[in-house]
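The values are calculated or read from the model by the stated rules, or taken from the named source; none is laboratory data. Predicted model, so just to flag it, every value in this text is computed and none were measured. A quick note on method: Cβ atoms are made from the backbone with ideal geometry, for glycine too, and the neighbour counts reach across all protein chains shown. Accessible surface is based on the protein model in full, side chains and every heavy atom, while ligands, DNA and RNA are left aside. Shrake-Rupley method; radii C 1.70, N 1.55, O 1.52, S 1.80 Å.
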Amino acid sequence: MKKTSYFGLLAALLLVASACGNQPKTPTVEGHYTYQHAFNYDMRGSHFDVSETGTMDFYADGTALDSARQVYTVTMPDSSTVKWVYNYISPSRWHLEGDTLHFAGDKEGFRMEVIEGDQELELAQKIADLYSGGIDYEYLFHIDTLTAEKLQWSFTYRDGHSDTWTFYRNEAK
């Protein structure tokens, strides 16, 4: 083979190798995210408006940590309102199958503690107990968006309504 043939072959291989190296990487779930989310529901004649601001960390070993400040404003049956702020800590486990994220909390490490509010503490504890009782249930979230900047998932409840959570990747902890 001539020297020019070797040079041409080498140049072609370098071109292919550099083109393959420049392919965009498929984003992964792993990372540190921030989020804000709000939801509401009715229970035992009271209406609950909930907002939360938190962080979500997904680790490559299939564990996660959800940490949030949750604010509950409850309109009681007599139209009075009470408000509690919780410190919500939920170590979890996860895995991805296609566009379905399997996600469940770790009951042993779960914490939901009132950090503000002192009226109706019995009801506040019932809310925390309700979450704690089912925290290890495995939810199947649909991955709507997964980019280098954002993770968005949705969940459809048994009654047919759905909810969406949007997480923004922030690698600087």
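The figures follow:
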{"item": "Hz values of 3J(HN,Hα) by residue in the range 38-46 - Karplus curve (6.51, -1.76, 1.60), Gly and Pro given as x", "result": "9, 7, 8, 7, 10, 8, 6, x, 10"}
{"item": "Sequence of D118, D144 when ordered by accessible area, the most exposed leading, probe 1.4 angstrom", "result": "D118, D144"}
{"item": "Nearest-10 value in Å² for the accessible area of Y131, using the 1.4 Å probe", "result": "60 Å²"}
{"item": "With DNA, RNA and ligands ignored, accessible area of M112 (1.4 Å probe; Å², nearest 10)", "result": "20 Å²"}
{"item": "Interchain or long-range residues, amide H under 5 Å from K150's placed H", "result": "R169"}
{"item": "Selection of GluC sites (Glu not before Pro), the range 67-139, meeting DSSP coil and at most 14 other Cβ within 10 Å", "result": "E108, E138"}
{"item": "Heavy-atom accessible area order for V29, V114, largest first, 1.4 Å probe", "result": "V114, V29"}
{"item": "Largest-first ordering by accessible area, 1.4 Å probe, given options H102, H95", "result": "H95, H102"}
{"item": "Residue-level accessible surface for K83, protein heavy atoms, 1.4 Å, Å²", "result": "120 Å²"}
